[in-house]
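Heads up: the structure comes next, in structure tokens.
The values are calculated or read from the model by the stated rules, or taken from the named source; none is laboratory data. Remember, it's a predicted structure, so these values are computed and weren't measured experimentally. Methodologically, a virtual Cβ is constructed for each residue, glycine included, from the backbone with ideal geometry; neighbour enumeration extends over all protein chains shown. These accessible areas exclude ligands, DNA and RNA; they are computed on the full protein's heavy atoms, side chains included. Shrake-Rupley method; radii C 1.70, N 1.55, O 1.52, S 1.80 Å.
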Amino acid sequence: MSEYLVVRLSIDSSSATWMVLDSSGQPISQITTGSLSDIGMQAENRRVILLVSGLKVVSTHTLLPAKNRARLLQMLPYSLEDMVADDIDNLHFALGPRIDSGEVTVAIVARSILDNWIQQCTDVGLYPQFIYSETEGVPDIPGRLVLVTEGNQTYGRTEEHKYFVLEDFSLLAILDLIKESSGDDTNHHVLLYTDEEGYGRYESELPELQAHTSSIDVELLSDGPFSKFASTLINHPGSNLLQGKYAPISNWSGLIKPWRLAISLLLGLGLLMFITQGAHFVSLNNQDQSLLQSLEDGCQRSFQSAELSTCRMEIQRRLFPTSSVTSSVSGLDFLATLAAVADAVNVDSRIEALTFRNDVMDLRIDASSVVSLDELARAVDSSDIYEVNIQSANPADDRVEGRLQIVGGP
């Protein structure tokens, strides 16, 4: 399960607050406060979300045609040019998700401010994948006007998914502003998140506030709204300021770092296998060269030539002389004759000796009787390929030792 390190910068960026949450937005660690440089190893193997002051980021909505994202980013500054006081070249516009009305959420921030936030993180080795306005962390509760108080600031999210943050405004004044801007006098169902300090500050307003709302529920946040903002943005991402020219380049060194040992072992194993196979190849090559040299030396001694092709031809000539080849065509084929004899030999007879010379096969047969010897001779002779002569048939211990001579047929 992936984990998120959520870092919240103070308004003046002099300090930071951070905590670790799981992929469902549930806290894993306690909230810690310190400087950015104190975060250190906390970011390792985690996705980093940076929350920045909503007072420095304008959150709004606009209606844009459903075109590709790159085209929308180009159109965005000009579609909102009339609602910003600064030159659009000095501002950065970030697209967020579409809402039910079909509009697209937009975050606007001065480039110089965004550059400063990114530089502060880079200086301490922190590389966020997401930068959100903390205002977009106000929970979305259907049918509710959600307000979050912290210090003298009040964050809000209307039922129309519009975000705002106001300083030094009472809750009653905020309700009046919302009604005035929407042109709707309908009383809201209000959900107020606050800490104990904020509750003490607004407690006196609650009775009058109830008279101007359909209902009001208060939920105390003992550790302040930070964990609520973080959890909301993990489950419902807002307008990530890291878009366009600010889109993060993959931090390959950071991604690879947890796998350095495994990669080193794998590379070491690969190198070892390469060296082993290389040594084996060299050994086989040396053996091949040694055998080749031995063959060439043998050819040189026997045939006065070191050329293996010449040596091979001379060996074949000596093994199969012309007379022998001619004889094999016109006389007997040793293997064929031997096969014919094997087929003719019965269980009562066995071959005691065999010679083959000058296309003549001489056999000494131990047979059970003269009749058995004669049957063997007739079986070989019946093919009309061979001529079989019984040279002798001598009785010996109730058996007959016969001699046969096989030559080519007429």
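Of the residues making up region 136-164, those that are surrounded by 16 or more Cβ atoms within 10 Å (Cβ to Cβ) and small (Gly, Ala, Ser) are Gly137, Gly156. For first residues located in region 168-195 and without any contact (Cβ under 8 Å) to a residue 60 or more places away in the chain, partners that are buried (at least 18 other Cβ atoms within 10 Å of the Cβ) and among the small types (Gly, Ala, Ser) and lie 6+ apart or on another chain with Cβ distances below 8 Å form the pairs Ile174/Gly156; Ile178/Gly156; Asp195/Gly224. Beta carbons closer than 8 Å, at least 6 apart along the sequence or on distinct chains, pair a first residue in region 39-52 that is without any contact (Cβ under 8 Å) to a residue 40 or more places away in the chain with a second that is open to solvent by less than 70 Å² (accessible area, probe 1.4 Å) and of a type in the set (A, V, I, L, M) for Gln42/Leu5; Gln42/Val20. Residue-level check: of (1) touching a Gly at 6+ places or on another chain (Cβ under 9 Å); (2) modelled with pLDDT under 90; (3) more than 24 Å from Leu241 (Cα to Cα), Tyr163 misses just (3). Might you check whether a residue that is open to solvent by 40 Å² or more (accessible area, probe 1.4 Å) and part of a helix (DSSP H, G or I) occurs anywhere in region 165-173? Taking every residue of region 165-173 in turn, none turns out to be open to solvent by 40 Å² or more (accessible area, probe 1.4 Å) and part of a helix (DSSP H, G or I). Of the residues making up region 265-276, none is loosely packed, with under 10 Cβ neighbours inside 10 Å and assigned to a helix (DSSP H, G or I). Hey, among the residues in region 4-13 that are in contact with a Ser or Thr (Cβ under 8 Å, 6 or more places away or on another chain) and either free of Cβ contacts under 8 Å to residues at least 60 places away in the same chain or basic (Lys, Arg) (or both), which one's surrounded by the most Cβ atoms within 10 Å (Cβ to Cβ)? Per the criteria, the residue is Arg8. Taken over region 72-93, the residue count meeting the criterion of being in a helix (DSSP H, G or I), open to solvent by less than 50 Å² (accessible area, probe 1.4 Å) and modelled with pLDDT of 85 or more is 1. Scanning region 1-39 for residues that are among the acidic types (Asp, Glu) and closer than 16 Å to Asp123 by Cα yields a total of 1.
When region 30-71 is limited to residues that are at pLDDT below 75 and not in a loop (DSSP other than H, G, I, E, B), the one that is nearest to Ile99 (Cα to Cα) turns out to be Arg69. Among the criteria (1) of a type outside the set (Gly, Ala, Ser); (2) in contact with a Ser or Thr (Cβ under 9 Å, 6 or more places away or on another chain); (3) modelled with pLDDT of 85 or more; (4) open to solvent by less than 60 Å² (accessible area, probe 1.4 Å), the one Glu219 does not fulfil is (4).
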